[in-house]
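Here is the structure we will look at.
The values are calculated or read from the model by the stated rules, or taken from the named source; none is laboratory data. Note that the coordinates shown come from a computational prediction; the quantities given were computed from them, not determined experimentally. Note that we place each Cβ from the backbone using ideal geometry, even for glycine, and neighbour counts take in every protein chain shown. Surface accessibility is based on the protein's heavy atoms, side chains included, excluding ligands, DNA and RNA. Shrake-Rupley method; radii C 1.70, N 1.55, O 1.52, S 1.80 Å.
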Amino acid sequence: KLFSSRGSQNSLKWSPDGSMLAFVSARDNYSFIGVYHLNKKQDQFIAPGVDIDIEPAWAPDGASIAFIRIPPAKDLLPFVAVRERQPWSIHTYNFSTSTHKEIWKASPGKGSALFTELPTENLLMWTYNNQIIFPWEKNGWQLLYSVDPATGKTSQIITGEGEIENVTTSDDRKTIFYATNIGDVHRRHIWKTDLSTGKTVQLTKGDGAEFSPVITQNGLAVFHSTATRPSWPAIITNTGEIKDIAIDQFPKSFPHNQMVIPQVITITATDGMQVPAQLFLPKNYKQGQKAPAIIYLHGGSRRQMLPAFHYSQYYSHAYALNQYFASQGYVVLSVNFRSGIGYGMEFREALDYGATGASEVNDVIGAGLYLRSRPDVDPAKIGLYGASYGGYLTAFGLAKASDLFAAGVDIHGVHDWNEGIRNFVPKYNPEKRSDFAKKAFESSPLHYVNTWRSPVLLIHGDDDRNVNFNETVTLTEQLRARNVIIEHLVMPDEVHSFLLHRNWLQAYNATFNFLDKHLNRKNKSLFHP
């Protein structure tokens, strides 16, 4: 044990010479940047204040450290749109001179709120010429900029409409590699930018997805997936070819030929908003033949489903289940509803979404209406399923539109925002924020429970730390009082992102079998442990 510190410690970063260890000390609604000096066996806090300090990043010579400072917002609650706030800033601290300095501050308005939920570990990076790279949504897209710590001069490094993820630098800090959806908003591809010349090159293209670049002595290693194969490690050659690593280890029994390539489409929400989605048509699809249909709703909601196996294990599993439904004759629609990532700040921070109006329910019902209008879909056999935030929207769809949705599977979904928010903000007291609490409940499926008639399967682990198990208990009580058909799959001691492989199989077997039963199709087993 090196040392003890109040709060919880995260974001550990070694100094270049290994003599110091930087960390974030999270303390309720504020946090400090700490540095532990191994030689002195002593910790130090860098310019401690009342703000939220995160993301320590060492200068190449180890003489300075940079970090991000976010002003506190005590009344800011999760699951509400945040398009602007008190601007965030970048700071440095020099160990030789013991000086702290604010080197850059976001301008008011767009980009003043820092978005930290994209999959990247390096929000700040020092370059070969002592510049600091950082993400900024100044134009509504999460792109990369640089700032000179000495002068504060700022330059935009990456342009375009898209978002940057998985950023890493070369050993000489002259080149950055990253995954982005610039030029292909529905996927992820690998790009590189030479910081000395500004030249940017797209390294991978195509219908698949590439992500998580790592620099090795033999080239750039990545994971890549396709519509019919989960992510697998590969090396990108100098010619841009993706060469699989140890492909002989990929399971030979994997059912590539039973899968389909989803179509990227756009649907119209009931309030007119255009919403992206992926459409899976059965392999034995025959035009004019009416099939049952399924809508899939992802969690998060800060997520984006791809027309390929996902880079997240949780959503790679969900993509696989969508493929299985299609293999069994279902038309499947995977909806990238508003408040998700990938389509810019205004789409993500959608007005009146979540606890302030549930505007994304318009996307769910619009998806149902789209399916009902298709000549190849049986309008009486449309179901939906989703987990976490997707469970919330599944419950909402059943509560508001049982005439449209014949059945649903709600996997650890939120049913009352006042309960869901308290799970993330324990000090949240609805009685002290009555106007907000009233709106939050009106934005919850429980508010519409009187019009819920369609059967539902509720799946939940009772050790869930993200969505309290009581959400399922309360909804069950309300639905039973209204004689709604309910089935349960409760997993004792299981958490939110199921830890046990057998529980994934059990949950997905139950999901398929329940929907298959209520959409009047042959009931059959999905997977076998």
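Among residues belonging to segment 43-87 that are of a type outside the set (A, V, I, L, M, F, W, C), in contact with a strand residue (DSSP E or B) (Cβ under 8 Å, 6 or more places away or on another chain) and closer than 26 Å to residue 340 by Cα, point out the one that is least open to solvent (accessible area, probe 1.4 Å).
Taking segment 43-87 first, the residues of a type outside the set (A, V, I, L, M, F, W, C) are 43-44, 48-49, 51, 53, 55-56, 60-62, 64, 69, 71-72, 74-75, 78, 83-87.
Remaining after also requiring in contact with a strand residue (DSSP E or B) (Cβ under 8 Å, 6 or more places away or on another chain): 43-44, 48-49, 51, 53, 55-56, 60, 62, 64, 69, 71-72, 87.
Of the ones still in play, those that are also closer than 26 Å to residue 340 by Cα are 53, 55, 69, 71-72, 87.
Values: 53: 1, 55: 32, 69: 30, 71: 25, 72: 60, 87: 21 Å².
Applying the filter and picking the extreme gives 53.
Of the strands (runs of 3 or more DSSP E) lying entirely inside segment 1-109, those containing at least 3 residues that are more than 24 Å from the chain's Cα centre (by Cα) and under 30 Å from residue 426 (Cβ atoms) span 20-27, 30-37, 42-46. Contact map, segment 283-305: first residue closer than 22 Å to residue 341 by Cα, second residue open to solvent by 50 Å² or more (accessible area, probe 1.4 Å) and outside any strand (DSSP E or B), Cβ cut-off under 8 Å, separation 6 or more or different chains; pairs are 302/117. Residues that are buried (at least 21 other Cβ atoms within 10 Å of the Cβ) and not in a loop (DSSP other than H, G, I, E, B) within segment 179-192 comprise 179, 180, 189, 190, 191, listed in sequence order. Per the listing 490, 456, 409, 495, the residue uniquely of a type in the set (Val, Ile, Thr), within 16 Å of residue 384 (Cα to Cα) and touching an Asp or Glu at 6+ places or on another chain (Cβ under 7 Å) is 456.
Residues of segment 502-529 that are open to solvent by 60 Å² or more (accessible area, probe 1.4 Å), of a type outside the set (D, E, K, R) and at pLDDT below 95: 520, 523, 527, 528, 529. For residue 391, indicate whether it is crowded, with 24+ Cβ neighbours inside 10 Å and either within 18 Å of the chain's Cα centre (by Cα) or at pLDDT 95 or above (or both). Against the criterion (crowded, with 24+ Cβ neighbours inside 10 Å and either within 18 Å of the chain's Cα centre (by Cα) or at pLDDT 95 or above (or both)), residue 391 qualifies. Being of a type in the set (S, T, N, Q) and more than 20 Å from residue 76 (Cβ to Cβ) is the filter here; which residues of segment 9-55 pass it? Scanning segment 9-55 gives 9, 10, 11, 15, 19, 25, 39, 42, 44.
Looking across segment 204-252, the residues that are touching a residue at least 24 places away in the same chain (Cβ under 8 Å) and within 24 Å of residue 282 (Cα to Cα) come down to 207, 208, 209, 225, 226, 227, 228, 229, 230, 231. The one condition from (1) touching a residue at least 12 places away in the same chain (Cβ under 8 Å); (2) open to solvent by 30 Å² or more (accessible area, probe 1.4 Å); (3) within 30 Å of residue 422 (Cβ to Cβ) that residue 100 does not meet is (3).
Report those strands (runs of 3 or more DSSP E) wholly inside segment 117-165 carrying at least 1 residues which are under 22 Å from residue 13 (Cα atoms) and touching a residue at least 40 places away in the same chain (Cβ under 8 Å). Let's see the steps before the verdict.
Values: elements: 132-136, 143-147, 154-156.
Strands (runs of 3 or more DSSP E) meeting the threshold: 132-136, 143-147.
Taking the residues in segment 161-204 that are of a type in the set (Gly, Ala, Ser) and in contact with a Ser or Thr (Cβ under 8 Å, 6 or more places away or on another chain) as candidates, determine which candidate is farthest from residue 111 (Cα to Cα). Before the answer, list the steps.
Going residue by residue through segment 161-204, those that are of a type in the set (Gly, Ala, Ser) are 162, 170, 179, 183, 196, 198.
Now drop any that are not in contact with a Ser or Thr (Cβ under 8 Å, 6 or more places away or on another chain), which leaves 162, 179.
Details: 162: 15, 179: 21 Å.
Among those residues, the one meeting the criterion is 179.
Considering each of 466, 418, 423 in turn, give the residue that is within 25 Å of residue 29 (Cβ to Cβ) and either acidic (Asp, Glu) or modelled with pLDDT under 95 (or both). Lay out the reasoning, then the answer.
Working: 466 fails: either acidic (Asp, Glu) or modelled with pLDDT under 95 (or both); 418 fails: either acidic (Asp, Glu) or modelled with pLDDT under 95 (or both).
Of the residues listed, the single one that is within 25 Å of residue 29 (Cβ to Cβ) and either acidic (Asp, Glu) or modelled with pLDDT under 95 (or both) is 423.
Scanning segment 456-488 for residues that are acidic (Asp, Glu), part of a helix (DSSP H, G or I) and either under 20 Å from residue 422 (Cα atoms) or open to solvent by less than 10 Å² (accessible area, probe 1.4 Å) (or both) yields a single hit, 471.
Please determine whether any residue of segment 422-435 is open to solvent by less than 20 Å² (accessible area, probe 1.4 Å) and among the hydroxyl-bearing types (Ser, Thr, Tyr). Before the answer, list the steps.
Just the residues of segment 422-435 that are open to solvent by less than 20 Å² (accessible area, probe 1.4 Å), to begin with: 428.
Checking the rest, the ones that are also among the hydroxyl-bearing types (Ser, Thr, Tyr) come to 428.
Looking for residues that are open to solvent by less than 20 Å² (accessible area, probe 1.4 Å) and among the hydroxyl-bearing types (Ser, Thr, Tyr), one finds at least one in segment 422-435, hence yes.
Could you pull out the residue among 248, 207 that is assigned to a helix (DSSP H, G or I) and either more than 16 Å from residue 310 (Cα to Cα) or open to solvent by 50 Å² or more (accessible area, probe 1.4 Å) (or both)? Give the steps one after another, and end with the answer.
Details: 207 fails: assigned to a helix (DSSP H, G or I).
Matching residue, one of 248, 207: 248.
Report yes if some residue within segment 135-146 is buried (at least 22 other Cβ atoms within 10 Å of the Cβ) and within 23 Å of residue 225 (Cβ to Cβ); otherwise report no. So far as segment 135-146 goes, yes, one or more of its residues are buried (at least 22 other Cβ atoms within 10 Å of the Cβ) and within 23 Å of residue 225 (Cβ to Cβ).
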